[in-house]
Amino acid sequence: MSSSGWQPVLPGIEVFADSCNVYAVTGPEGTVFVNAGTGHWLDGIPVRFQPPYTLLSTHYFRDHSAGAAKASRMGFDIRVPTGEAAIFAEPGQHFRERQSYIVYDNIWDQFAPIEPAEVTPVHDYGTVDAAGLVFTVVPLPGVTPHHTGYALATADGMVIFSGEAIHSPGRMARIAPLQYDYNDLGGAVNAHWSAGALRRLGPVALLPSLGAPILANVDRALVTLQASLRQLCALRPLERDLIVAADDDRLKRVTDHVWVEPHSEAASWFVLSDSGKALVIDFGYRGGFGLNTPPGVGKNWQWPSYPMHSRRRVLLHGVDALKRELGIDRVDVVLLSHFHDDHVAGVPLLRRLFETECWVPENFADLLAEPAAHRFPCAWPEPIAVDRRLPLDETFTWEEYTFRLAPMSGHTRFAVAIMFEADGKRFVHTGDQHFFDRPKFAPDSGSWDGVRPNQNEVYRNGAFTHSFRDSAKLLAEWRPDIILSGHQHAMFTDDEFFRLLAWWGEEFERIHRAAAALGHDDAHFEADGWGGWIWPYRVHVAEGEPVMVTVTVRNPLPEAATLTVRLVGPEGWEGSHIDLDAAGRAEVSGALTIRPAGPCRRQPIAAEVLVGGRSFGQVAEALVTVGGERF
């Protein structure tokens, strides 16, 4: 050990033994450090480590990140995984959001820094240019879903700063963080995949954050780690299956020009053109992992739907198989069926890596482009640029294909059916509208006789009593041969299939009208209970500025009426009101303002609706921040 505490590892790379290994990489234009540890080493940086300084963080665990706040105050350029940036930047808010009493998910997100740091997110598969060096960002989910490594090309080959992806041959530093839920081991599934990802990169050295540098027999160290993780999961059927699914990178043929990535969490359906281009319908999370939502097309895993950005990660899927199996190396267009994160979260990744165009039906394009402006469920928080807004009930073309979009509600009102023809067959993509318990997955075998729908109406997404009757009529008119859905394999139709849809449309309406006051003469807000919403939902204004919003409200009566809408806030806030004429059951919108009484953070305001002098209460809310640096 050198007198300063720094020890050479490889040419131009030294390590300091802190609460984790802190690596220093000398570049021609400065110094890059990997992980901060406690930060005590910052008090005596050797003069040979020349500024400017960059700090690369592999993950947020306190024994790796506590010193980031001090490094930030010293002017370091701090780079962190995108999904963990909020934890670094605002740990106080992170801890306020996290429950600390009745806890049944045990992910280690309370082992987070306690002081904020100014950070810049890094993007998976991208690069970081620092100190005259280029580091490649390597996704390595494991002890945290967004755990990240950094690869550096050297004269002797690739060196990867691998964080906690491996400790030593066959071992990780700790197993406990791999338990994300109450008694699962989903992180072990991720760690197994990450070990495989490291093997595919073929590094000559791994520099772990806990454990000694691995400078020889790297592949063997990773092979034995994968074996150890499989042994750890040997009596866990779910994890065993997930490990297999996560490593299964292939496409499945539906017809010659329509293929599916069979393990994506929301199915990614590839349509191929004769010119060698690919359009994909929906692109969300890679499936087969112990994170995000239940994985696998046609599977029924009971896995937690972790709702926080720090627990969901987009990894590239299907594209390597597309190139390997079909000779296509990029995705030309992504076409979306609805706005939910498991169907759209990967779009920014496609755009960044391949300049993929994003085509979106007009009825939910704004929800993707401005996620902060609404609170409809399952929204990906990163704005998605929309290259083409597609009108409903009109045709459009891509290559030799003609598509038509039709509005659809039930699972969510912000969805469409996507209809097209390929290989002499009629297709319809129904998003998450229709699932079944025993569907017909082959054209010449199986039967729809006795099959029942798996109910997938999500009221908060927007569901009407007539939703499934409408979609049954739509499909009967188009008469598709093949149904493509969000989470099941391709399904082949027959007459019994369309009779099943028609029955379910009528039955859905009947059971809801029987169970709730949703009759023709009743005053109600339909099956979903929506009285309205406020746009934008999240508002940030400077002190002294008014808050201006658009309020959409629904007439709860079967006949035309005048709706009085009042914008209300806490005592001292002055809100406006408006009268809106609406047809029976119709939705109408109007602009309103409210003047805050002073600074606040995430203060609710509400829209109250009166019809004929009768108040239906505060049917919608929004959140207002006045002053401060951020919402």
For this session: Please work out which one of (1) within 25 Å of GLN7 (Cα to Cα); (2) outside any loop (DSSP other than H, G, I, E, B); (3) in contact with a Ser or Thr (Cβ under 7 Å, 6 or more places away or on another chain) is the condition THR58 fails and give its number.
Result: (2)
For this session: Report yes if some residue within the stretch 555-564 is aliphatic (A, V, I, L, M) and not in a loop (DSSP other than H, G, I, E, B); otherwise report no.
Result: yes
Exercise. Any idea which of (1) at pLDDT 95 or above; (2) not in a loop (DSSP other than H, G, I, E, B) is the one THR412 doesn't satisfy?
Worked result: (2)
Problem set entry | ALA345 within 22 Å of HIS309 (Cβ to Cβ) and surrounded by fewer than 16 Cβ atoms within 10 Å (Cβ to Cβ) | no
Exercise. Checking GLY486 against (1) surrounded by fewer than 19 Cβ atoms within 10 Å (Cβ to Cβ); (2) assigned to a loop (DSSP other than H, G, I, E, B), which single condition isn't satisfied?
Worked result: (1)
Problem set entry | Among the residues listed as VAL254, VAL280, the single one being in a strand (DSSP E or B), under 26 Å from the mean Cα position of the chain (by Cα), among the aliphatic types (A, V, I, L, M) and assigned by TED's automatic domain parsing to the domain that holds ASP320 | VAL280
Problem set entry | Exclusive hit being of a type in the set (Gly, Ala, Ser) and not in a loop (DSSP other than H, G, I, E, B), set ALA195, ALA216, ALA212, ALA165 | ALA195
For this session: Answer with yes or no whether THR154 is more than 29 Å from GLN231 (Cβ to Cβ) and hydroxyl-bearing (Ser, Thr, Tyr).
Result: yes
For this session: Scan the stretch 376-389 for residues that are assigned to a loop (DSSP other than H, G, I, E, B) and small (Gly, Ala, Ser) and report the count.
Result: 1
For this session: Have a look at TRP533, TRP504 and point out the one that is aromatic (Phe, Trp, Tyr) and not in a strand (DSSP E or B).
Result: TRP504
For this session: Report yes if some residue within the stretch 466-476 is buried (at least 21 other Cβ atoms within 10 Å of the Cβ) and assigned to a loop (DSSP other than H, G, I, E, B); otherwise report no.
Result: no
For this session: Kindly indicate the residue of the stretch 599-613 that is modelled with pLDDT of 95 or more and exposed (fewer than 14 other Cβ atoms within 10 Å of the Cβ) and also nearest to PHE464 (Cα to Cα) among those meeting that condition.
Result: PRO604
Exercise. Between residues in the stretch 568-581 that are part of a strand (DSSP E or B) and residues that are of a type in the set (D, E, K, R), which pairs lie under 9 Å by C-beta distance while being six or more apart or on different chains?
Worked result: VAL568/GLU608; GLU574/ARG595; GLY575/ARG566; GLY575/ARG595; HIS577/ARG566; HIS577/GLU608; ILE578/ARG566
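Results for (1) at pLDDT 95 or above; (2) crowded, with 19+ Cβ neighbours inside 10 Å; (3) more than 17 Å from PRO604 (Cβ to Cβ); (4) of a type in the set (Phe, Trp, Tyr), shown as yes or no for each residue.
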position: PHE525; (1), (2), (3), (4): yes, no, yes, yes
position: TRP533; (1), (2), (3), (4): yes, yes, no, yes
position: ARG538; (1), (2), (3), (4): yes, no, no, no
position: GLU543; (1), (2), (3), (4): yes, no, yes, no
position: VAL549; (1), (2), (3), (4): yes, yes, no, no
position: PRO556; (1), (2), (3), (4): yes, yes, yes, no
position: ARG566; (1), (2), (3), (4): yes, no, no, no
For this session: Report yes if LEU392 is part of a loop (DSSP other than H, G, I, E, B), out of contact with any helix residue (DSSP H, G or I) (no Cβ under 8 Å at 6 or more places or on another chain) and more than 19 Å from PHE508 (Cα to Cα), otherwise no.
Result: yes
Exercise. So ILE214 clears everything in (1) in contact with a Ser or Thr (Cβ under 6 Å, 6 or more places away or on another chain); (2) of a type in the set (A, V, I, L, M); (3) closer than 24 Å to SER19 by Cβ except one condition, right? Which one?
Worked result: (1)
Exercise. For ILE328, are the conditions met, namely being at pLDDT 95 or above, aliphatic (A, V, I, L, M), under 17 Å from ASP432 (Cα atoms) and not assigned by TED's automatic domain parsing to the domain that holds PRO121?
Worked result: no
Seminar exercise, completed: Of GLU84, GLU29, GLU14, the only residue that is touching a Phe, Trp or Tyr at 6+ places or on another chain (Cβ under 6 Å), of a type outside the set (Phe, Trp, Tyr) and touching a residue at least 40 places away in the same chain (Cβ under 8 Å) is GLU84
Problem set entry | Where SER162 falls short, out of the listed (1) farther than 19 Å from ARG236 by Cβ; (2) surrounded by fewer than 17 Cβ atoms within 10 Å (Cβ to Cβ) | (2)
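The values are calculated or read from the model by the stated rules, or taken from the named source; none is laboratory data. From a predicted model like this one, the values you see are computed outputs, not experimental measurements. Using ideal geometry, Cβ is built from the backbone for each residue, glycine included, and neighbour counts are taken over all protein chains shown.
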